[in-house]
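Note sheet for the following structure.
The values are calculated or read from the model by the stated rules, or taken from the named source; none is laboratory data. All figures in this text were calculated on a predicted structure; none of them were measured in a lab. Every residue, glycine among them, receives a Cβ derived from its backbone with ideal geometry; neighbour counts consider all protein chains shown.
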Amino acid sequence: MNLNEYQNFDGLALADLLQRGEATSAELMDCAISLAEARNPQLNAITYPRYEESRRIAADWTLRGPFGGIPFLLKDSGLAHRRFPCSIGSRLLNDLTYDYNATVADRFEAAGLIPFARTTVPELCMAGTTEALRNNGATPNPWDRTRSAGGSSGGAAAAVAARIVPVAHGSDGGGSIRIPAACCGVFGLKASRGLVTAGPKRGEGWAGMATDGVLSMSVRDTAAALDMIAGYVPGAPYAAPPKTGSYLDAVREADVRPLRVGMLRQGWNSIGIAPECDSAVQNTAALLTSLGHVVVEGTLPALDYNQFVEAHGSILASNIVVAVDTRLKALGRTLRDDDLESVLLDGYEVGKGLSAAAYVEAVACLHAVGRAFALAMADVDVLLTPTLAQLPAKLGHLALHSPDGLGFRAYRTRAASYSTFLPVVNGAGLPAVSLPLATTAEGLPVATQLIGHFGREDVLLTLSAQLERLAPWSGRRPSFA
């Protein structure tokens, strides 16, 4: 298989070639690694490569799962894997190693996904851009290298957009799958709280806001991956409703009753929506109407947005303290000023100053957000929003080594005016997808978000497949791809 052929297939199409004996896992791995070596100098999207070891594994691979044995990338998010160290984008946490695999990592490999490297993230995965100092530079947007690829799964989204792999691991605790999916023009789904386990050694991430998943070029690849990684593990602190059938089957049928879709074109606190992002929402509404769905003006969930932003920040700051102090204890030393980027260094101090009562109040705020969304969605099946309130950010605007000296709380306020409709969904524990249905006149991706009811990933995936068929995006590629 040559490189041009490889880039034309999504993950399931590559798996079909494997099943028919028209390609081997070793050949596909060679293609992915060749593209990684050629394109990563422009993208800065890959870290901890294990190329030769992965070639050997692919050569001896036995086909399994829906993907058979195709190349895959793991996010540098701390998802445990024996083969791959991690840094979580931090100089302080650089080269952490594991003596076990996370449950999701094993489920990925059971699905036929062979990891060969990790992908870049911002420090501690706490930014909507991927510009960690640990990575010696930013991960730029493949469509416009003056802009961000998004974060925290920025390296994953850039690698998928550049066709290095058709599907890659991501995680989302405040938009970290959907932000880079929107920036890079790929598909991303954040699952319901408790659908994908954090085990075996963790119960939750970020007070239940964080979940693992994938970014992909096609809806069906995400559905097939979710079929494999979803599922409750006894002892887990959260449980989503068990699925009633295969997500992939739902996508293949792509037959859903006419849905009632609530459209939101204005966020909380009158946060401005860029004209291109608003236009993308209206365009998606028109597509949905043409498919027979009913689009109505939605009800903005009744919540105190400033309180939510503060609560979200408090939970992140608390997690900074836990991560940093655990590492410092292992190193046997105290914190230095150059251990963390400036925003997170201030976030560490914020976290140290939080009381136990403040943390409990922050978690209670998240639970209230869930109730607000349930009430707002009582008479609709799905909410339609912009994914981002603005076009992909210029590099530096959301960097954690803030060029304009922002402290942690001020930084969180800036981020909230960009990813306005995203962290609230994590707080509510609901599923959501980012769809790359539109572009600017210059070809920059512009995405819209669909938010579903708890446990209804099947509805979101089926609706996404309908839209994908009506307005396909797989033919769009950055110039160098």
**Report entry** Test set (1) in a loop (DSSP other than H, G, I, E, B); (2) under 24 Å from the mean Cα position of the chain (by Cα); (3) closer than 20 Å to Asp221 by Cα - Leu12 fails condition number
**Finding:** (1)
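If I ask for residues that are more than 30 Å from Ala357 (Cβ to Cβ) and surrounded by fewer than 18 Cβ atoms within 10 Å (Cβ to Cβ), which ones from the range 288-317 would you list?
In the first step, residues of the range 288-317 are kept if they are more than 30 Å from Ala357 (Cβ to Cβ); the result is 288-299.
Correct list: Thr289, Ser290, Leu291, Gly292, Val294, Val296, Glu297, Thr299.
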Query raised in the report: Before we move on, is Gly475 on the phi > 0 side of the Ramachandran plot and in a loop (DSSP other than H, G, I, E, B)?
Result: no
Query raised in the report: Are any of the residues in the range 204-211 of a type in the set (Phe, Trp, Tyr) and modelled with pLDDT under 95?
Result: no
Report task. Would you check if Arg91 is within 26 Å of Pro180 (Cα to Cα) and assigned to a loop (DSSP other than H, G, I, E, B)? Result -> yes
Query raised in the report: If a residue has to be under 20 Å from the mean Cα position of the chain (by Cα) and among the hydroxyl-bearing types (Ser, Thr, Tyr) to count, how many in the range 62-101 make the cut?
Result: 3
**Report entry** Spans of helices (runs of 4 or more DSSP H) in the range 337-418 with at least 1 residues within 24 Å of the chain's Cα centre (by Cα), under 17 Å from Met126 (Cβ atoms) and of a type in the set (D, E, K, R)
**Finding:** 408-416
Query raised in the report: When the residues of the range 41-51 are filtered to those that are touching a helix residue (DSSP H, G or I) at 6+ places or on another chain (Cβ under 8 Å) and part of a helix (DSSP H, G or I), which remaining residue is nearest to Thr139 (Cα to Cα)?
Result: Leu43
Report summary line: Considering residues that are surrounded by fewer than 19 Cβ atoms within 10 Å (Cβ to Cβ), under 23 Å from the mean Cα position of the chain (by Cα) and within 28 Å of Ala416 (Cα to Cα), the number found within the range 240-267 is 1
Report task. Name, by its number, the condition in (1) among the basic types (Lys, Arg); (2) closer than 19 Å to Asp346 by Cβ; (3) assigned to a loop (DSSP other than H, G, I, E, B) that does not hold for Arg333. Result -> (2)
Query raised in the report: Is there a residue being farther than 22 Å from Gly213 by Cβ and touching a helix residue (DSSP H, G or I) at 6+ places or on another chain (Cβ under 9 Å) anywhere in the range 63-79?
Result: yes
Requested in this report: Report the residue count in the range 168-207 for those that are acidic (Asp, Glu), buried (at least 24 other Cβ atoms within 10 Å of the Cβ) and over 20 Å from Asn141 (Cα atoms).
Outcome: 0
Report task. Hey, can you tell me all the residues within the range 79-97 that are in contact (Cβ under 8 Å) with a residue 40 or more places away in the chain and among the polar types (S, T, N, Q)? Result -> Ser87, Ser90, Asn94
Query raised in the report: Is there any pair linking a residue in the range 458-481 that is among the basic types (Lys, Arg) to one that is in a loop (DSSP other than H, G, I, E, B) and at pLDDT below 95, with Cβ under 8 Å and at least six apart or on different chains, and which?
Result: Arg469/Ala254
Query raised in the report: So, of the residues in the range 1-30 that are among the acidic types (Asp, Glu) and under 24 Å from Ser479 (Cα atoms), which turns out to be surrounded by the fewest Cβ atoms within 10 Å (Cβ to Cβ)?
Result: Glu5
Report summary line: Selection from the range 171-191 of residues more than 26 Å from Leu470 (Cα to Cα) and touching an Asp or Glu at 6+ places or on another chain (Cβ under 9 Å) yields Ser171, Asp172
Query - Meets criteria (aliphatic (A, V, I, L, M) and either assigned to a loop (DSSP other than H, G, I, E, B) or surrounded by 15 or more Cβ atoms within 10 Å (Cβ to Cβ) (or both)) for Val321 - result: yes
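Take the conditions free of Cβ contacts under 8 Å to residues at least 60 places away in the same chain, exposed (fewer than 14 other Cβ atoms within 10 Å of the Cβ) and under 27 Å from Gly262 (Cβ atoms) and apply them to Arg371. Does it pass?
Numbers: free of Cβ contacts under 8 Å to residues at least 60 places away in the same chain: yes; exposed (fewer than 14 other Cβ atoms within 10 Å of the Cβ): yes; under 27 Å from Gly262 (Cβ atoms): yes.
Yes, satisfied.
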